[in-house]
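Take a look at the structure set out below.
Coordinate-derived values only; no laboratory data. The structure displayed is predicted, hence computed values, not measured ones. In this analysis, Cβ positions are derived from the backbone assuming ideal geometry, glycine residues included, and neighbour counts consider all displayed protein chains.
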Amino acid sequence: MGFMAGSAFAQSFTVKGIVKDETSFALPGVSVLVNGSTIGTVTDFNGAYTIEVPEGMETLTFSYVGFKTQHLQIQNRSEINPILKTDNVMLDQIVVTGYGEQKKSHLTGAIAKLENTNLEQIPVPRVDQALYGKLAGVQIQTTDGDAGATPYIQIRGQATINAGSGPLIVVDGFPIPDDLSAVDMNDVASIEVLKDAASAAIYGSRGANGVILITTKTGKKGKMKVSFTSNMSVKTPALGYDLDNPNSWADYALNKPNLSETDKEKILFAQQLGHNYDAMEEMTRAGFSQNYQINLSGGSENTSYYISGQAMDDEGVVEGNNFRKYSLRVKVDTKLNERFKVGVNMNGSLQQRDVIETRMHDVGRSASWMPSFHTPETSAMTGYPVGSWTMEEHFRPSANPIYGDQGYPDIRNTSNVNGYAKLVGRPKDEQTVRMYVNAYAAYQITDDLEFRSTGGVYYTNFQRNYFQTSYGHRNGAPEALYLNQNTFNFLNENILNYKKKIGDHEISAMGGFTIQTNKVNSLGTGANGFLNDKIQLPSAATNTWVVQDDTYETQNNLVSTLARVNYAFRNKYLLSVSSRWDGSSRFGANNRWGYFPAVSVGWRLMEEPFMAQFREVVSELKLTSSYGATGNNAIGDYLHIGNMASGNYVTGSDNVVPGYVLNNKSNPDLGWERTFEYNGGVNIGLFENRVYLGVQYYSSTTDQLLLNMDIPSMSGFETLWVNHGKVRNSGVEIELTTRNIVKDDFSWETTATLTTTKNEVLNFGQHDSFQSTTESKRPNHFLTQVGSPISQFYGYRVKRELTDEEFGLYWPIGLQANNVYAQDLNGDGVIDENDMEVLGKANPDFVWGLTNTVRYKQFDLSFTFQGSHGASVFNIDDHYLQTHWAGTNDKIGLDDPDGLTVRKTETDWHVQDASYVALRNLNFGYTFPLQSEHIRNLRVFFAGSNLLYLTSSEYTGLNPEGINANTESAYTRGYQRGPMPLAKSFSLGVKLDF
């Protein structure tokens, strides 16, 4: 009888309806279950459901995250339309705070949260690239358009100079020594960013630059669910160079009255060659990308699981640039009994990148009259075979007699190989294997007290093979560099968690200790003497050597004790106190330990009786304030110790013998870089939170900066790592969310973010300012001074360009003068360093984001605009593309005995406005209303990124975010040399849920 009752032949009847919330908003994805059976369904996009109920079953259960579960009697009804009520407690429990969770209404720190709602469908290969403009206080820059490249992430300004400035990344509780490239966006459930010191202090010495917490998805009780997502994309460059070719240059130059006969002959000859090289067309392409992801999840009463896999192939917009990724994640949690549970989280990935070694300006400045490969015409001129690589040297009579004997002019300008040969002739292949395992065991000692112990290992193997082909360099000699690097990171955490509610008092506390060890071994080798370009292995070379800077073994250890207490009285008076002691092997014996306390308070005014009269309008009003300390230990290992390096000694008999020399000076007092931060905030909700505004003000001071300072050479050393200096960052963050339209079949929600940041040097030791100059051949200057931002461009103001009569040179194509007249700012009739001034800064005044989400029946549309304003960039590309000179003043084309001109690189000529406004992502989809037993959901979508990208009219490069040179120090941040172009992408995809 039991079999017959559960069989397909049992009698049943149909129940249908629409599930809504208290505002009559239809709820998609609500779980509908027949009590006492395994029969269930979920509501569609319009909140509608239909379910077959076996005879004898009496109750339907409706459940949805954030709402109270309802059990409704069927009572022979064929239509049931439940109204689910908000469960504020459930909503408050989903904010991850680091080593725990906290009610959202009880948060007293500055934590930004983003849940994964279709983020995985944005056509970008990385998690961080999907976050532009969505989190207040978080600045993300595409500093490199290279496929798979890591973007630059900064939280609340530049707080350090020589130490690492990136945030700490924590994935499912594991602080990883890596970036976010191994995380699949499809696996992400939520992202929290700890921005203020009170929130980040629980991570102590690594929290000064903020903390990004990634929580991945877990399985839930019920039958197995399968989701499959796939999208295919096409990418093209969003910006390009504006370059001259033989025809356009002839139109410009041939009418100049001071055009010399020599230059005229070369221009006409180049035009007659009939080739108009387009660097953008030559080096870029339409890149095709494809991404496939599948996940399985489910669980029983005691065990839940989540398994996912991803395969991705991403072609960059530059020829030869590719990124491939394959990953597998397994997450299992098991409840062994009422008190004891265990779990394991495993992730493995393989990433392969074909990296572009050549900067884009090197391709762009290639002679536009010269094809990349010899044509029949150029072959006849030069004697080189048709289809072989061209070089400008082939068109130089003194270097090529075949060309010279035919009486052709010397149109060569450089001995370099052509730009396309540089681009494809220097392949750099990188491969990264990652393995991550993190397991825990938790024991519920009492109903209020739990002990959890976690152990994990994070392993990476990174290999890089660089090969310079015979045609990729002017010397024609193949050469190779190889790198093999292994990183082992071990973590053990032991945490006690206590939660108790006593009347009006709510207390949650945690305490414990952690140990984390990071080991790196690296081997770098070089090779040359290859017979050809075919076999690129070191065994094919006649000469190999060890690359000293890439060969080492290091280890660092971090030991910590931590504690935190959260307290709430009557759900309106809030207090949080935390502390952490960190001991790091990276610091000297006298300053190895650091203490990082924090305190924050909050007041929920809406719970006060005097606010009752305003509750029809004001649904939330909370004030918060916090102060705390965090640290930064992101420097290399053993820098406080005098290290030995190999060297040679000369004996008394003039014999040279190998030995060791002291490589750096010891500093046993080297210690923590510390950041102290105040944060004040207000949260206001209006009209049942249809309008929700959050405003935060912050001011942080970082002192005892970790600096690699120059020291007197008489010491025998050039630099020494010390704690010196003080920097302040302050600003305002605003986040506004409005639910503009809330109807059954139509909704529209808007979220806007705005972040301002002011960076200021407060103390710089014995000096008030410090000037940095990069590259003596093409010098440009930066100024760091007290009272100003860390990085400022410094130099002369342009008075005017050289006139045609003064310059008078028109070859090579696109040539412009190397010098300009400078302004005599102090009026003394002399152009010298007294006429230099600040020309701009690298960091923006403010960044913003605007996201709209619209749903109409089965259609959905979301898009995000993002902008940055107030920053400048030193764009050196025009120097390479226009001057063609080596950078020395004797080639300016002007006799300047009075010294009134200076090189353009030392002026504001190359300092350009880096402001931009971009349509960062757009997603338009349609969900099919299915009545299938096997397919729960089918959605097709179109997505795009950077579909609109507007820059300042004065910006002439490929990427205003592309800060890609001289980045070793914050002093010189803002320098750009030939960055990879930004990509705009178009994608079509499908998501199937079974």
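What the table shows:
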{"read-out": "For the chain, share of DSSP beta bridges that run antiparallel, in % to the nearest 5", "value": "95 percent"}
{"read-out": "Per residue, the convex hull volume that the Cα atoms of the chain enclose (Å³)", "value": "224 Å³"}
{"read-out": "By average C-beta atoms within 10 angstrom, highest first, the peptides 627-638, 567-578, 513-524", "value": "627-638, 567-578, 513-524"}
{"read-out": "Under 5 Å, built H, 5+ apart or other chain: amide partners of TYR916", "value": "SER868"}
{"read-out": "Inter-part distance where segment 320-367 and segment 473-534 are each reduced to a Cα centre, Å", "value": "13 Å"}
{"read-out": "For segment 90-224, radius of gyration divided by Kirkwood radius, i.e. Rg to Rh on alpha-carbons", "value": "0.96"}
{"read-out": "Selection from THR517, ILE734, TYR443 lying farthest towards where the dipole of the chain points positive, charges on Cβ", "value": "TYR443"}
{"read-out": "Principal-axis tilt of helix 261-272 within the chain, Cα atoms, nearest 10 degrees", "value": "50 degrees"}
{"read-out": "Whole-number percent relative contact order across the chain, with pairs defined as alpha carbons under 8 Å at least 6 apart", "value": "12 percent"}
{"read-out": "Segment 617-675-segment 94-112 distance, computed between alpha-carbon centres (Å)", "value": "33 Å"}
{"read-out": "Amide hydrogen neighbours beyond the local backbone of GLY145, cut-off 5 Å, H modeled", "value": "MET980"}
{"read-out": "Under the Karplus curve 6.51 cos²θ - 1.76 cosθ + 1.60, θ = phi - 60°, whole-Hz ³J(HN,Hα) for segment 533-548, x wherever Gly or Pro sits", "value": "8, 6, 9, 10, 7, x, 5, 8, 9, 8, 9, 10, 8, 8, 7, 4"}
{"read-out": "Qualifying trypsin sites (Lys or Arg not before Pro) for segment 165-248 [loop in DSSP, other Cβ within 10 Å: at most 15]", "value": "LYS220, LYS221"}
{"read-out": "Protection proxy ranking of 46-59, 968-981, 917-930 - average other beta-carbon atoms within 10 Å, highest first", "value": "968-981, 917-930, 46-59"}
{"read-out": "In segment 704-806, the trypsin sites (Lys or Arg not before Pro) that fall in loop regions by DSSP, at most 12 other Cβ within 10 Å", "value": "LYS777"}
{"read-out": "Protection-proxy order for peptides 718-725, 126-133, each taking the mean of Cβ atoms within 10 Å per residue, highest first", "value": "126-133, 718-725"}
{"read-out": "Centre separation in Å (Cα based) which lies between segment 176-227 and segment 923-982", "value": "21 Å"}
{"read-out": "Sparse-neighbour loop sites [GluC sites (Glu not before Pro); segment 545-652; at most 13 other C-beta within 10 Å; DSSP]", "value": "GLU616"}
{"read-out": "Amide hydrogen neighbours beyond the local backbone of GLY219, cut-off 5 Å, H modeled", "value": "GLY298, TYR305, TYR306"}
{"read-out": "Distance (nanometres) between label positions extended 7 Å along Cα→Cβ at ILE74 and ARG570", "value": "4.8 nm"}
